[in-house]
Amino acid sequence: MPDQPLIRLGTRRSPLAMAQALEARARLCAAHDWDESAVELVPVVASGDKIQDRPLAEIGGKALWTRELDHWLLEGRIDAAVHSMKDVETIRPEAIAIGAILPRADKADRLLGAASIADIPAGARVGTSAPRRAAQLLNLRPDLNVVGIRGNVATRMAKLAAGAVDATFLAAAGLDRLGADEEGVRLDPEAWLPAPAQAAIGLECRSNDARMCDLLGPVDHPGSHAEIRAERRLLEGLGGSCSSPIAALSHRIGERMSLNAAIFSPDGKVRIAGNTEFAIGDENAPFDLAKSLLDGAPPEVAEHFGYSV
């Protein structure tokens, strides 16, 4: 084995981000028959982890999760970066490429604090800072009160345990990766649509780094990558940001892809849904679905997207 790591892999410092980085390292080492010392994990503190008392939309959006890693990558301080793809901005710098998407985990959300959405007591406080979860919840249960909470998985579970909220949502994939696979009740993702790119771990590298692109290639999962590409293309068509209530679920069916999506007004009163099926690699179909959703959107929905009526 070489004296120096073959790859310096950047990651956020949160427990979930570190778990994802460990999975990425394990897959890289297995694919290349390396000792784990060949991949050095390089943790950074992301701005989004430093500022947790305000919604992301108020302090810079999804870039707060990627900014530091982007800088380190472009400066050559790391060779690749590990990301939760649902937290990555839709439009990325040309100098950065998505080198691999690992096999996608469970796309569903889990509800903590109640046995089902219907079982949440009337007037209860439900904690979430995700516009998609808040709007989807209020669409189903307008009698509930949404309370904004941020923080890592442990922090949000602690707030629930302390009674700051009566119920909350967490991604099933995140709980599973942290060994908390028995926490909460899984919500059927066909009925409670997840966030675009939820449960997907991505590895990014410099676009002009042919060596790293080649090294990341063997851990790329084509089916998962196709799903993420389609869902991110939908986001692009919607002009969506971290403040836009968007839900999406894709499935690979042989050489074709199905994509279901919904957009909401922030208060959940308006829900516009649609679906499409298309050949894998078709970049136009998700974009066309986005346009059809926006074409049916009243002003109170459209104003939350990169679109105006």
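The values are calculated or read from the model by the stated rules, or taken from the named source; none is laboratory data. These numbers were taken from a predicted model, which means no experiment stands behind them. As a convention, Cβ positions derive from the backbone with ideal geometry for all residues, glycine included, and neighbour counts pool all protein chains shown.
Cβ-Cβ distances below 8 Å connect no pair with a first residue in segment 168-186 that is of a type in the set (Phe, Trp, Tyr), a second residue that is surrounded by fewer than 18 Cβ atoms within 10 Å (Cβ to Cβ), and a separation of six or more residues or different chains.
Only one entry in ARG125, ARG186, ARG141 is within 30 Å of ARG229 (Cβ to Cβ) and of a type in the set (Lys, Arg), namely ARG186. Quick one: in segment 83-92, of everything that is surrounded by 14 or more Cβ atoms within 10 Å (Cβ to Cβ) and out of contact with any Leu (no Cβ under 6 Å at 6 or more places or on another chain), which residue is nearest to ALA21 (Cα to Cα)? Checking each candidate, the answer is HIS83. Of everything listed in (1) modelled with pLDDT of 95 or more; (2) hydrophobic (A, V, I, L, M, F, W, C); (3) more than 18 Å from the chain's Cα centre (by Cα); (4) in a loop (DSSP other than H, G, I, E, B), the single unmet condition for ALA105 is (3).
Could we say that SER207 is closer than 18 Å to ALA97 by Cα and in contact with a Pro (Cβ under 6 Å, 6 or more places away or on another chain) here? Criteria not met by SER207. Looking only at segment 6-35, residues that are outside any strand (DSSP E or B) and within 29 Å of ALA154 (Cβ to Cβ) come to 18 in all. Every condition in (1) within 21 Å of VAL42 (Cβ to Cβ); (2) touching a residue at least 40 places away in the same chain (Cβ under 8 Å); (3) not assigned by TED's automatic domain parsing to the domain that holds GLY123 holds for ASP214 except the one numbered (2).
Scanning segment 8-56 for residues that are among the aliphatic types (A, V, I, L, M), over 30 Å from VAL146 (Cα atoms), modelled with pLDDT of 95 or more and touching a helix residue (DSSP H, G or I) at 6+ places or on another chain (Cβ under 7 Å) yields LEU9, LEU28, ALA31, ALA38, VAL39, LEU41.
Scanning segment 157-216 for residues that are under 18 Å from ALA19 (Cα atoms) and touching a His at 6+ places or on another chain (Cβ under 9 Å) yields ALA200, ILE201, GLY202, LEU203, GLU204. Segment 245-309 holds strands (runs of 3 or more DSSP E) entirely within its bounds, and those carrying 3 or more residues that are within 22 Å of the chain's Cα centre (by Cα), within 21 Å of ASP106 (Cα to Cα) and not assigned by TED's automatic domain parsing to the domain that holds ARG141 map to 246-253, 256-264. Of the residues making up segment 226-246, none is surrounded by fewer than 14 Cβ atoms within 10 Å (Cβ to Cβ) and touching a helix residue (DSSP H, G or I) at 6+ places or on another chain (Cβ under 8 Å). Scanning segment 289-309 for residues that are without any contact (Cβ under 8 Å) to a residue 12 or more places away in the chain and of a type in the set (Gly, Ala, Ser) gives ALA302, SER308. Looking at THR168, THR128, which is the one that is crowded, with 22+ Cβ neighbours inside 10 Å, in contact with a Lys or Arg (Cβ under 6 Å, 6 or more places away or on another chain) and not hydrophobic (A, V, I, L, M, F, W, C)? Result: THR168 is the single residue among THR168, THR128 that is crowded, with 22+ Cβ neighbours inside 10 Å, in contact with a Lys or Arg (Cβ under 6 Å, 6 or more places away or on another chain) and not hydrophobic (A, V, I, L, M, F, W, C). Listed by first and then second residue, the pairs linking a residue in segment 272-288 that is at positive phi to a residue that is surrounded by 13 or more Cβ atoms within 10 Å (Cβ to Cβ) and outside any loop (DSSP other than H, G, I, E, B), with Cβ atoms under 8 Å apart and 6 or more places separating them unless they lie on different chains, are GLY281/ALA226.
Please determine whether any residue of segment 80-89 is more than 18 Å from the chain's Cα centre (by Cα) and touching a residue at least 40 places away in the same chain (Cβ under 8 Å). Looking through segment 80-89, at least one residue is more than 18 Å from the chain's Cα centre (by Cα) and touching a residue at least 40 places away in the same chain (Cβ under 8 Å).
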